[in-house]
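Note sheet for the following structure.
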Amino acid sequence: MLFKTVQQKITTAVLLLFSISLSLSVFTVLFFKSLILIISILIITIIIVIFVFSIVLRHSVLNKIYTLKKEIDLSVSDETKKGISLCSGDEFEELANRMNTMIRTIQEKSISERKNLIEEITSSENEKYLQNVHDGLLFVDYGQIISEYYSQSLVDIFDREEIGGQHLSDFLYPDKIEYKERRKTLEKFIIRLFNDPDLYQSIDDDNNPLHNIWISRNDGSRILVDGSYRKVEDNGTLIQIMIIFKNRTDEGILEKKLNEKDMRSNFELDSIVSILRSGSGPYLQYVEKSEELLSTFREDLLDIHNEEVIQRSFRAINSMKCSAAYFDFKAVEILCHNLEDILSDFREGLFSRKEALDIIIDDMYIQFDHIKHLISRFQDFLSTKEGQIYETRRNEQEHFFDSLKIMMARNADYLEKEIEFTFQSDFTDFPFINEIKNPVIHLLRNAVDHGIELPGVRLKSGKRESGKIRLSILKTEDQGVKVIIEDDGCGLDYEKLREIAIEKGFIKKEEQPGQRNLIRALFSSGFSIRSEINGLSGRGVGLDAVKEEINGIGGKISIKTDHMKGSRFTILLPSELF
């Protein structure tokens with residue numbers, strides 16, 4: 001019988017306790033002759049019998065049942081487990097051995113069925129299909145290892161051999177440093193596909209990490225592929241994922257060409273309007289200066305990991321970007337922004353290849369050549385009778401303010417802010433506009449970005465929706481010039497300024513610097529009060545470049561600021577300049 005040993009143990013224990021109880025009862029009758037005592041002994045004996053019975057039952061039966069259940073659960077959940085381990089020397093061990101035989105039979109059947117399913121997928125008929133299908137097909141398991149079976153088109157599309165056995169991320173993104181984030185996103189996505197089969201129903205272009213991605217081939221060319229997914233199941237259990245790659249390169253190139261054509265057309269129209277507004281001279285001067293800066297920048301790429309070189313490059317790119325914004329040269333402004341993004345990665349140690357910088361620099365030269373060609377055509381037009389009506393003597397100061405007004409309106413729209421920009425001057429035509437152009441542009445952009453609050457914020461603080469920004473060029477008593485940029489924005493929060501200075505390592509936590517020292521940190525390289533990056537600021541490049549450029553012409557810059565009331569930057573230019 002299955003519980004023969006348990007029954008024997010319990011029977012023996014009960015008989016032993018009954019014998020002891022009977023003996024105690026006889027002893028009590030003979031010596032004490034007390035009925036109450038006899039009944040008490042019998043009750044205590046019954047309680048002891050029940051207690052002993054429960055201990056024997058738990059030790060001999062229940063503990064082994066719990067152990068058996070635990071081993072069964074582990075064997076079911078872990079296909080690699082050999083079986084149930086239970087050595088008790090009784091019927092439970094015999095039961096465990098029988099269950100082991102049943103588990104092995106089930107596991108062998110499951111493995112056999114999966115093997116048959118994979119063989120069915122990769123049968124000679126399907127193998128023929130894999131060789132002739134036009135899409136790139138591959139299969140990956142839960143470990144994201146590519147199966148040995150994949151379509152011939154996959155080899156042709158990717159120009160790769162020996163695809164099987166590779167990790168999916170290594171196959172698509174061999175450069176682990178440059179594509180670190182893409183690899184991580186893809187791997188998490190594949191794991192989610194295995195763990196959540198319902199996810200297949202909600203895959204779209206936005207959450208698919210393989211939607212229209214550019215991949216490098218062995219021959220150095222790049223292709224645009226679009227990946228989709230299919231489940232490979234066995235009795236409702238997901239065992240593999242089939243990924244289908246379609247070659248979208250021709251479509252991508254066509255779309256890119258159309259976009260570039262539209263962009264070129266828009267940029268050309270914008271450039272023509274800007275040249276008509278500015279005149280060809282200032283525009284050409286900007287292009288020539290920018291090409292000089294680009295030439296130096298390209299030479300510096302040989303030592304791009306040097307911190308000093310990175311900061312110098314930041315200042316040069318920032319100068320080009322400010323002037324591009326002033327001239328409304330959107331193409332170069334966007335390219336400068338992209339250069340700043342990559343330089344930021346170099347500064348943070350997140351980028352190891354400088355080829356992307358070379359590509360953008362080449363694009364900028366193309367844009368400058370395009371502008372020079374437009375200027376040449378414009379000058380040819382001015383030499384004609386029709387063109388001479390456009391050739392008028394220009395007041396540089398008036399033109400400077402008009403261009404700034406357009407730039408400020410564009411920046412305010414970008415940041416969804418309302419501003420009133422005004423200008424005053426003690427000069428009819430200030431002769432040193434070009435010398436102060438970049439610092440003024442930068443300070444005005446900062447005033448819109450950092451100074452003026454959003455309309456809702458201003459209303460809550462009791463201000464008008466639109467912020468005021470004013471540029472003044474004034475004479476000083478010692479025959480010098482004072483250039484003032486002021487706003488009625490949020491001003492500087494010195495406590496926040498201190499926290500940022502500590503975070504960025506400009507001061508130590510235990511220090512309690514005064515406002516003068518905090519302002520000094522504000523003009524340091526790499527300092528930014530904005531935590532996030534936008535199209536105008538956020539990379540810690542700006543006021544240090546402003547200070548350096550002003551110092552370069554013999555001037556000085558200072559700031560006066562009141563929290564929630566506004567800021568006032570003053571540039572003093574010595575009389576020797578005039």
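Summary table below
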{"read-out": "Qualifying position, being within 24 Å of Ile317 (Cα to Cα) and either touching a Cys at 6+ places or on another chain (Cβ under 9 Å) or free of Cβ contacts under 8 Å to residues at least 40 places away in the same chain (or both), among Ile500, Ile485, Ile433", "value": "Ile433"}
{"read-out": "Residue in the range 190-203 that is over 19 Å from Val232 (Cα atoms) and either in the same structural domain as Ile241 (by TED's automatic domain parsing) or in contact (Cβ under 8 Å) with a residue 60 or more places away in the chain (or both) present", "value": "no"}
{"read-out": "Residues of the range 319-342 that turn out to be more than 18 Å from Ile366 (Cα to Cα), at pLDDT below 85 and in contact with a helix residue (DSSP H, G or I) (Cβ under 6 Å, 6 or more places away or on another chain), as a count", "value": "1"}
{"read-out": "Options Asp429, Asp402, Asp478, Asp380; residue that is at pLDDT 85 or above and in a helix (DSSP H, G or I)", "value": "Asp402"}
{"read-out": "Residue within the range 321-340 that is in contact (Cβ under 8 Å) with a residue 24 or more places away in the chain and among the polar types (S, T, N, Q) present", "value": "yes"}
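The values are calculated or read from the model by the stated rules, or taken from the named source; none is laboratory data. Keep in mind that what you see is a predicted model, and the values were worked out from it rather than measured. Virtual Cβ from ideal backbone geometry, glycine too; neighbours counted across all protein chains shown.
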